[in-house]
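Okay, so here's the structure we're looking at.
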Amino acid sequence: MDRLDWRTAHIPSNPDGEAWELYHENSKTNRHDAPLSNEEVRQRMLDSWPSLPYEGYPTTALPPPAPIALGLSDAILGRHTARALAPGQMTLARLSALLHYSYGQTRDQTEQGYPRPFRVVPSGGALFPLEIYFHTSRVAGLGAGWYHYSAADNALHCLRAGDDSRRLADALVQQNLALDASVVFVVSAMFNRSTFKYRERGYRFALMEAGHVAQNLCLVAQALGLGVVPIGGFLDRQVDDLLSLDGLLHSTLYLVAVGDEPDGGAGAAAAP
């Protein structure tokens, strides 16, 4: 099967109406929608990967997450978007905390009939359509490059080695974020993990869930004394190309840059 390409699937804008209005209407739940049976859903989940395996790629096991001393209420009240990031070296334990507490697994649910473990964020039907990638050149003990986070294995897959900061910067509206951050996280979605069950509404669920992950990243970064900048200004197709995503069935939704904050931030707590 040929790789999907947005260039052959792009639909021109409709001057007679806004696409978001049409999508929002079509993604509303209808009382008369015919749902798939529980067994059909369960079989589709069993037949698909809960997370992309990236077999054969170099793998790095993650250490236990760095301890977080800041209380939840303090992290929420202190949460802010950094005005700037300063290049700084991040420990692997801090990276582990950011990943685990943003999209890590929490408990097995096979005895209750769910074929996938639950995670730290809610997901429509426990389908978990998101994937987490990141680029770094400033994590101690980790070479520069692009990585994928495997929650199931608590490990990283190195997809491509080498400092790609300049190419990533070219895909951002605020280009300095890619150059100054310790880590730039990319939240992507494999839409058919949700849309097979929820149709258009499954796409809406993927957007919601990306927001849950990004908020967790913001709160954990705040609790670890790090600066964080959620990024909505990016060139989608360029970021997809950097990760070899087809841009249709699997595409980037959200970026989050994390690094040191020049003035030390506000309300932050030190962590290992």
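The values are calculated or read from the model by the stated rules, or taken from the named source; none is laboratory data. All values reported here derive from a predicted model rather than from experimental measurement. Note that we place each Cβ from the backbone using ideal geometry, even for glycine, and neighbour counts take in every protein chain shown. Remember, those area values only see protein heavy atoms, side chains included, never the ligands or the DNA or RNA. Shrake-Rupley method; radii C 1.70, N 1.55, O 1.52, S 1.80 Å.
Annotations for the structure displayed:
- Full extension of the chain between residue 109 and residue 140 yields a length gain of 7.7 nm, computed as 0.36 nm times the residue separation minus the alpha carbon distance.
- Charge context of residue 230, other residues only, Cβ under 14 angstrom, K/R +1, D/E -1: +2
- (1) 31; (2) 28; (3) 21, with the label sought being that of the calculated percent of Cα pairs over 31 Å apart: (2)
- Accessible surface for residue 92 stands near 40 Å², nearest 10, in the context of the full protein assembly shown (1.4 Å probe).
- The slack between residue 18 and residue 84, meaning 0.36 nm per residue of separation minus the straight C-alpha distance, is 20.3 nm.
- Annotation: per residue accessible area for region 58-259 equals 39 Å², rounded to a whole number [probe 1.4 Å, protein chains only].
- Using C-alpha pairs below 8 Å separated by at least 6 residues, the relative contact order for the chain is 25 percent.
- Over the chain, dividing the summed -39,500 (n - 2.57) contributions of all DSSP H runs of at least 4 residues by the number of residues returns a 222 nm mean residue ellipticity of -9000 deg cm²/dmol.
- Only protein heavy atoms count here; on that basis, with a 1.4 Å probe, residue 39 has an accessible area of about 110 Å².
- Three-way shape call for region 105-208 based on the alpha-carbon gyration tensor, with the a/c threshold at 1.5: oblate
- Nonpolar atom fraction for the chain, defined as the carbon and sulfur part of the 1.4 Å probe accessible area, stands at 52 percent.
- For the residues 222, 105, 43, a GNM of the chain with alpha-carbon springs under 10 Å puts the largest fluctuation on 43.
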